[in-house]
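A.B. asks: Let me give you the structure first, and then I'll get to my questions.
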Amino acid sequence: MPDNRWTQSDLAAGYDAGAALIHPYYHELQDLLLRPVPIAADDEAVLVDLGGGTGRLMERLLDAFPKARGVVVDISAPALELATARLTRFGPRARCACSRLQDPWESQLDSAPAAIVSMSAIHHLDPAEKQDLYSRCFRALRPGGALLNADEVRAGDGATYLAHCKNWAARMCRLIDSGQVTPGMAEALCKWEARNVTHWQAPRRSGDDCHETIDVQLGYYSAAGFARVDCPWKKEMWAVMRGMKA
Ligand SMILES: C[S@@+](CC[C@H](N)C(=O)[O-])C[C@H]1O[C@@H](n2cnc3c(N)ncnc32)[C@H](O)[C@@H]1O
């Protein structure tokens, strides 16, 4: 597995502990991802969480859909160790797959998923990688399936984008100053500010925060084949982007 800052164990544990403080809409976005999952309560569907980290969203999905099976895909073995522990009560209904999103994780699925969800992860892929991922999601989904991505996005104009990044960085600084995040997480948050505020105009590489606008990403969805695409929710630098497979 290639090295990536998310593969450090202190970062996985730090995000697991602090996510709902760091991300201003953490629970709200999880709620928004749960609602449009296109399955009935008794559907034995497969659900996939891309960049699902420590399994917090998958836990909620498997509670909400008691017959569904879930696969958490993530590059970070330490995050997946925490996910495995969190999801152990679901027995064989829950599985973790250690894979980059850029690699063919879909070949590890035993049936076509009804929904592929993701939160705060796909923005780490560069534009070409996102387009490839969305195409592979489209091909992998069963008919009627949904791709639901709640992620960080870029505003259309630079000044608004920078203001959004500054606001979030200020929240991160308050958390660090009040000792509410682990030292490993505090270091990661300072690096986030350096990348997205101090050097916000520097070119982004895969693995950075490759923020793109909602319109650009919905264009990628359409190009991938999704028949209905929309953005049901947007606030500051976060959005839910949805694509339905006919
Ligand atoms: C901000 S965390 C979000 C975790 C989880 N989705 C949540 O909301 O709690 C980003 C996650 O994306 C994963 N990730 C980042 N780049 C990835 C990649 N290229 N392939 C797979 N996972 C990746 C990280 O390991 C990390 O678990």
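The values are calculated or read from the model by the stated rules, or taken from the named source; none is laboratory data. Keep in mind it's a predicted model, so treat the numbers as computed, not measured. Here the Cβ is made from the backbone with ideal geometry for all residues, glycine too, and neighbour counts use every protein chain on show.
A.B. asks: Here are the criteria: (1) out of contact with any helix residue (DSSP H, G or I) (no Cβ under 9 Å at 6 or more places or on another chain); (2) in a loop (DSSP other than H, G, I, E, B). Tell me which single one P113 does not satisfy.
C.D. replies: All conditions pass for P113, except number (1).
A.B. asks: Checking A224 against (1) within 18 Å of the chain's Cα centre (by Cα); (2) within 30 Å of K245 (Cα to Cα), which test does it fail?
C.D. replies: (1)
A.B. asks: Checking S178 against (1) within 30 Å of A13 (Cβ to Cβ); (2) in contact (Cβ under 8 Å) with a residue 24 or more places away in the chain: exactly one of these is not met. Which one?
C.D. replies: S178 satisfies all of (1) within 30 Å of A13 (Cβ to Cβ); (2) in contact (Cβ under 8 Å) with a residue 24 or more places away in the chain except (2).
A.B. asks: Looking only at segment 115-138, count how many residues are under 20 Å from A45 (Cα atoms), touching a residue at least 60 places away in the same chain (Cβ under 8 Å) and surrounded by fewer than 20 Cβ atoms within 10 Å (Cβ to Cβ).
C.D. replies: Adding up the residues that qualify gives 1.
A.B. asks: Pairs, please: C-beta under 6 Å, at least 6 apart or cross-chain, first residue farther than 15 Å from L162 by Cβ and in segment 196-220, second among the polar types (S, T, N, Q) and more than 13 Å from the ligand (Cβ to nearest atom)?
C.D. replies: Listed pairs, sorted by first residue: Y220/Q131.
A.B. asks: Name the one entry in T7, T88, T54 that is of a type in the set (S, T, N, Q), farther than 24 Å from V240 by Cα and in contact with a helix residue (DSSP H, G or I) (Cβ under 7 Å, 6 or more places away or on another chain).
C.D. replies: T7
A.B. asks: Would you say D177 is under 20 Å from the mean Cα position of the chain (by Cα) and of a type in the set (D, E, K, R)?
C.D. replies: no
A.B. asks: What's the number of the only condition in (1) more than 21 Å from A19 (Cβ to Cβ); (2) in contact (Cβ under 8 Å) with a residue 12 or more places away in the chain; (3) outside the structural domain of L47 (by TED's automatic domain parsing) that A163 fails to meet?
C.D. replies: Only one criterion in (1) more than 21 Å from A19 (Cβ to Cβ); (2) in contact (Cβ under 8 Å) with a residue 12 or more places away in the chain; (3) outside the structural domain of L47 (by TED's automatic domain parsing) is unmet by A163, namely (2).
A.B. asks: For segment 116-146, enumerate the residues that are assigned to a loop (DSSP other than H, G, I, E, B), of a type outside the set (S, T, N, Q) and within 13 Å of the ligand (Cβ to nearest atom).
C.D. replies: Selection gives A121, L125, D126.
Here is a yes/no grid of residues against (1) of a type in the set (S, T, Y); (2) touching a residue at least 40 places away in the same chain (Cβ under 8 Å); (3) farther than 14 Å from S118 by Cα:
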| residue | (1), (2), (3) |
| --- | --- |
| Y15 | yes, yes, yes |
| Y25 | yes, yes, yes |
| I39 | no, yes, yes |
| E44 | no, no, yes |
| G51 | no, yes, no |
| L62 | no, no, yes |
| R69 | no, no, yes |
| V73 | no, no, no |
